[in-house]
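To start, the structure under review is shown below, and the notes come after it.
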Amino acid sequence: MKVLAYRGPGSLVVEERPQPHPGRGEALLQVDACSICGTDVRIANGSHRAYADALGRVPGHEVVGTVVEVGEGAPAATGENVFVAPNYGCGHCAACLLGQVNMCEQPRGIGITEDGGFAEYLLLPKDLVDQGNLLPFNASANAGASASASAGASPGTGEGTSVGLDVGAVALAEPLACALRGSRACRIGAGDVVLVYGAGPVGLFHLALARLAGAGAVVVCEPNPERRRRALSWGATSAHDADFDELRAALASAGAPNGANAVIVAAPVPAAQAQALELAGPWGRVNFFAGLARGHSRAELDTNLIHYKELVVTGTTASTNEECRDALNLIVEGRVDAGSLVEARFDLASAAAAFELAASGKAMKVLVAP
Ligand SMILES: [Zn+2]
Ligand SMILES: [Zn+2]
């Protein structure tokens, strides 16, 4: 089988390997699609901690596929379409016992600490299978607008046109699950005015989730005009460049003259974190969704804004199986239009071009479909 292996900074190489067979408790997945995440781009250029001594490891943690072989005792069935929740844990620390595997003391992840989905086949470890990370779904479901031909022309949420599910787009349940975790930390409710920094795939997911949670208005801050246009087509009330006064005016005209009820920073920009505290209203909930680059994670924040406005400032990272399951359902039911974010598909042999496009930021989401 072909895999895409990490061979050092700047070097991902297509290699031939023997096809594995599942042992006791394991399962073998035929990969249908694996989408490229910002994390994968960091892995490729050698700046991911988990890959410091990982020569030969296969990245890819946004994986959808078909179970083709099941080891003795594994709770899985051949022929099942599954999305793989990528994070699993030791199974016995305090976080694992709470189901918060993303916070495990010894976290493991497909494509991060273990081989991942940029491969024709993926052997799923026993612990991952045991912990319920294989999430089956109905591939013949009718997902609203998931195969929208004109990218960006369809809204991010809603009924859509009833077309067959785009199985590749199901891989996006992983970033959607992460967004769901951040969105829930902001406890968005009916009528809330929400401010979202960033309109990349994850920023758009936050926008869609805020709408689904009943937000009355969602104001988006994004420097790229094409992405601002996309945010408007996904239901943003208005979209702006990072100008403070303009954003404040936009929140006021959206019904929040004292600031937003919730602010999500889905852009790795320290200045946006500082501005988020300024533009949050009294009792506002703030989520620092995007991590900052290592070595550049010190931001100057006016903490009196937290004190006097009684803000709740949260951080979230990765996702749990439960969030993955919910995100999967949102995509399969067509309530979040992940399909329209998939702007390019490559086979494994052309993975270099796929990574180049993903790193350029010119495409929302790039899929590798072996
Ligand atoms: Zn990801
Ligand atoms: Zn644990």
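Structure data summary
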{"read-out": "Peptide ranges 269-275, 337-343 listed from the most packed, as the mean C-beta count within 10 angstrom indicates", "value": "337-343, 269-275"}
{"read-out": "Fraction of accessible area attributable to carbon and sulfur, the chain (%, probe 1.4 Å)", "value": "50"}
{"read-out": "Heavy-atom accessible area per residue - segment 208-248, 1.4 Å, Å²", "value": "42"}
{"read-out": "Whether segment 195-271 is rounded, prolate or oblate, judged on the alpha carbon gyration tensor where a/c under 1.5 counts as rounded", "value": "rounded"}
{"read-out": "Normalised contact order of segment 7-132, rounded percent, pairs of Cα under 8 Å and 6 or more residues apart", "value": "33"}
{"read-out": "Mean Cα-pair separation over length for segment 272-370, i.e. relative contact order, pairs under 8 Å, 6 or more apart, %", "value": "21"}
{"read-out": "For segment 173-315: rounded, prolate or oblate by the Cα gyration tensor [a/c cutoff 1.5]", "value": "rounded"}
{"read-out": "Helix-only CD estimate at 222 nm, as mean residue ellipticity for the chain, using -39500 (n - 2.57) per DSSP H run (n ≥ 4)", "value": "-7500 deg cm²/dmol"}
{"read-out": "Accessible area expressed per residue, segment 283-347, with surrounding protein chains retained (probe 1.4 Å, Å²)", "value": "55"}
{"read-out": "Cα gyration tensor category, rounded, prolate or oblate, for segment 1-64 with a/c compared to 1.5", "value": "prolate"}
{"read-out": "Straight-distance crosslink candidates among aspartates and glutamates, where the alpha carbon sits under 16 Å from residue 365 and sequence neighbours closer than 8 are dropped", "value": "32, 40, 62, 166, 174, 226, 337, 343, 347, 356"}
{"read-out": "Rg ratio (alpha-carbon, reference 2.2 N^0.38 Å) - the chain", "value": "0.97"}
{"read-out": "Relative contact order of the chain, defined on C-alpha pairs under 8 angstrom at six or more residues apart (%)", "value": "19"}
{"read-out": "Cα-based Rg of segment 166-217 normalised by 2.2 N^0.38 Å, two decimals", "value": "1.14"}
{"read-out": "Candidates 318, 354, 293, ranked by Gaussian network fluctuation over the chain, Cα under 10 Å, top entry", "value": "293"}
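The values are calculated or read from the model by the stated rules, or taken from the named source; none is laboratory data. Keep in mind it's a predicted model, so treat the numbers as computed, not measured. Here Cβ is always computed from backbone atoms with ideal geometry, including for glycine, and neighbour counts include all displayed protein chains. These accessible areas exclude ligands, DNA and RNA; they are computed on the full protein's heavy atoms, side chains included. Shrake-Rupley method; radii C 1.70, N 1.55, O 1.52, S 1.80 Å.
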